[in-house]
Amino acid sequence: MAETKYTGWVVKKINYLVFDEIITFLTTDGKLISCISLGSRKINSKNGRNLFLANEVEFEIYESRTQDKLSKLKRVVTLKQMNWNCENFESFQLLHECVAAQTPSPWNRSDFYKKYLENYYAELDNDQYIILKMLKDFSIFNGINIEVNKCVICGSTHLKTISFADHGMLCNICFTDKKATYFSVEISKGIHYLFNNNPKLKEYVAHFGFVIKLIKQYINDNLGISFNSLKNY
């Protein structure tokens, strides 16, 4: 097997057999690499002590010569260690589900990851607020943007409510014609501010949980991706 060295982050871990793990790394150039890490769940494992979620690492693998066989992790060294307390945040778990997700088309995972990882080196804002922004960016990066400034059917700026089936806002006339589901002004405004990157979104904190639920379902319906970290929504 050929040996190859990379730098990146630990973004996913799956227990395998008794002492092994399957580790997914995100490289600095946005590539996902999964490999088997033998014995890293043992207490005295040198690799195991470096394989914490979000650690920035240098890692070396034995490249597999066949597509149906995992590469093997040779060694890993931590360059920057993440605070373990971050794992208690739902947004932190969501971040790693987003970058490790198998999406229909390629996207810039590393820029997305670095942008949100900074939240956990700085003072963390409202966790639900970060979740909403993360879901919004994930949607846009993967080609399912929501039009929030005009009616997605006729272009009118006299808006009634959001329609996820139509990927945007509807005016009163188009809402009536389509017999669409009505969402309250507060919900529609929250989504409007979210997709416009408007800080007024924070005024709708009481509705964050419901908006998370809606956008989570929107992603599932359009990309077939569900997030275990958001099971409470």
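A compact table of results
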quantity	calculated
Beta bridges per DSSP with both ends in the chain, % antiparallel, nearest 5	90 percent
Of the DSSP H helices in the chain, those whose Cα atoms cover at least 18 Å axially and whose Kyte score averages -0.5 or more	127-141, 208-223
C-alpha center-to-center spacing [region 33-69, region 186-205] in angstrom	41 Å
GNM flexibility winner over the chain from 45, 71, 163 (Cα, springs under 10 Å)	45
Accessible surface of region 54-139, 1.4 Å probe, proportion on carbon and sulfur as whole %	43 percent
26 Å Cα-Cα threshold exceeded, pairs from 31/72; 179/200; 115/160; 31/115	179/200; 115/160
Hits among aspartates and glutamates - C-alpha to C-alpha of residue 74 under 20 Å, sequence gap 8 or more where chains match	3, 20, 21, 56, 58, 60, 63
Debye, to nearest 20: dipole size of the chain, +1 on Lys, Arg Cβ, -1 on Asp, Glu Cβ	320 debye
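The values are calculated or read from the model by the stated rules, or taken from the named source; none is laboratory data. Because the structure is a prediction, the values reported are computed rather than measured. All Cβ positions, glycine included, derive from the backbone under ideal geometry; neighbour counts span all protein chains shown. Remember, those area values only see protein heavy atoms, side chains included, never the ligands or the DNA or RNA. Shrake-Rupley method; radii C 1.70, N 1.55, O 1.52, S 1.80 Å.
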